[in-house]
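Everything below concerns the one structure shown next.
The values are calculated or read from the model by the stated rules, or taken from the named source; none is laboratory data. A quick note: this is a predicted structure, and the numbers were derived from the prediction, not measured. Counting neighbours? That spans all protein chains shown, and the Cβs are built from the backbone with ideal geometry, glycine included.
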Amino acid sequence: MNRCSTARCFPPTITAVKMLRGDFSPDLIRPGRVGLISFFFLGCYPCMQELPHLEALQKRYGEKKLLVTGVTSYKVNLYTTGSDHSEIDAAVEKALLEGAPSIGVVITSDETLASFGVKAFPVVAVVDKLGKLRYIGNDANLEEDDPVGSLIRELIEE
């Protein structure tokens, strides 16, 4: 598991180009609540398969304890849906309504993806209640017996 090993490990800022779903502030990382950020794109089969697991996780803990947010960019979705931003918005909205209706979604910049080191998808990042990045990687199934699922549970219970 790719845990952040330094005491001062804060995630990069997530630039919100557009908020598609939810009533979220541009700053996804809020003190006092654990955050799970799922980096995805529409043409990624594993990303789409992960959506119901993200939905279940959000429902299990509720938004007061955990905020699950999908993050993508227009550029990574370009070849899947076409070049029009409204087409991408509609396709992302449709995919999430089918797989994860309570998950918020942010369209971000490609620079934000690069600042998190996202080079392949899906990638999840877990941020603790103090705003520290505690995990980033792609080896999570998010169940309670999974190392990332256990980490989320531990952080919520702290």
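Based on this model, can you work out whether LEU151 counts as in a helix (DSSP H, G or I), surrounded by 15 or more Cβ atoms within 10 Å (Cβ to Cβ) and over 14 Å from the mean Cα position of the chain (by Cα)? Spelling it out, LEU151 is indeed in a helix (DSSP H, G or I), surrounded by 15 or more Cβ atoms within 10 Å (Cβ to Cβ) and over 14 Å from the mean Cα position of the chain (by Cα).
Does ILE37 count as modelled with pLDDT under 90, among the aliphatic types (A, V, I, L, M) and closer than 18 Å to GLY131 by Cβ? Judged against the criteria, ILE37 is not a match. Here GLY99 fulfils each of the conditions (1) closer than 21 Å to ILE14 by Cβ; (2) touching a residue at least 40 places away in the same chain (Cβ under 8 Å); (3) not charged (D, E, K, R) apart from (1).
Kindly check whether there is at least one residue in the stretch 73-82 that is surrounded by fewer than 23 Cβ atoms within 10 Å (Cβ to Cβ), of a type in the set (A, V, I, L, M, F, W, C) and more than 20 Å from ALA125 (Cβ to Cβ). Yes, some residue in the stretch 73-82 is surrounded by fewer than 23 Cβ atoms within 10 Å (Cβ to Cβ), of a type in the set (A, V, I, L, M, F, W, C) and more than 20 Å from ALA125 (Cβ to Cβ).
Residues in the stretch 37-54 that are of a type outside the set (A, V, I, L, M), in contact with a Gly (Cβ under 7 Å, 6 or more places away or on another chain) and surrounded by 15 or more Cβ atoms within 10 Å (Cβ to Cβ): 2 in all. Screening THR112, THR108, THR69 for residues that are in contact with a strand residue (DSSP E or B) (Cβ under 9 Å, 6 or more places away or on another chain), free of Cβ contacts under 8 Å to residues at least 60 places away in the same chain and closer than 28 Å to GLY32 by Cα leaves exactly one candidate, THR69. Counting residues in the stretch 89-98 that are in a helix (DSSP H, G or I), of a type in the set (Gly, Ala, Ser) and in contact with a helix residue (DSSP H, G or I) (Cβ under 7 Å, 6 or more places away or on another chain) gives one or more. When LYS94 is tested against (1) at pLDDT below 90; (2) loosely packed, with under 13 Cβ neighbours inside 10 Å; (3) farther than 18 Å from ALA114 by Cα, only condition (1) is not met. You will find that of GLY70, GLY117, the residue that is within 18 Å of PHE40 (Cα to Cα), small (Gly, Ala, Ser) and in a loop (DSSP other than H, G, I, E, B) is GLY117 and no other.
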